[in-house]
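Everything below concerns the one structure shown next.
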Amino acid sequence: MSETQTREELLDAQKNLCKEQKSPMFMPSNGICWKCKGDITTVWAERMKREVITGCPFCCRSYCD
């Protein structure tokens, strides 16, 4: 995550992307995996701006199930 991008900005970007694509927001709204407690925003910051996140990069838990 770059210094200019805050956690809130990344979460907002993901929410907006889901809205634009008419997709549910699968990932936890706070960016923390509910299974392993990993912070998704630290790993997938760039991905969050261009892809709907459907799973955890740490524990590989799917949020679509």
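Test residue 12 against the stated conditions and say whether it is among the acidic types (Asp, Glu) and either in a loop (DSSP other than H, G, I, E, B) or surrounded by 14 or more Cβ atoms within 10 Å (Cβ to Cβ) (or both).
Against the criterion (among the acidic types (Asp, Glu) and either in a loop (DSSP other than H, G, I, E, B) or surrounded by 14 or more Cβ atoms within 10 Å (Cβ to Cβ) (or both)), residue 12 does not qualify.
Going by the structure shown, is residue 44 of a type in the set (Phe, Trp, Tyr) and modelled with pLDDT under 95?
In short, yes.
Within the range 31-55, track down each residue that is surrounded by 14 or more Cβ atoms within 10 Å (Cβ to Cβ), assigned to a loop (DSSP other than H, G, I, E, B) and free of Cβ contacts under 8 Å to residues at least 24 places away in the same chain.
38, 44
The values are calculated or read from the model by the stated rules, or taken from the named source; none is laboratory data. Everything numeric in this text was worked out from a predicted model, so none of it was measured. Cβ sites come from the backbone with ideal geometry, for glycine too, and all protein chains shown count toward neighbours.
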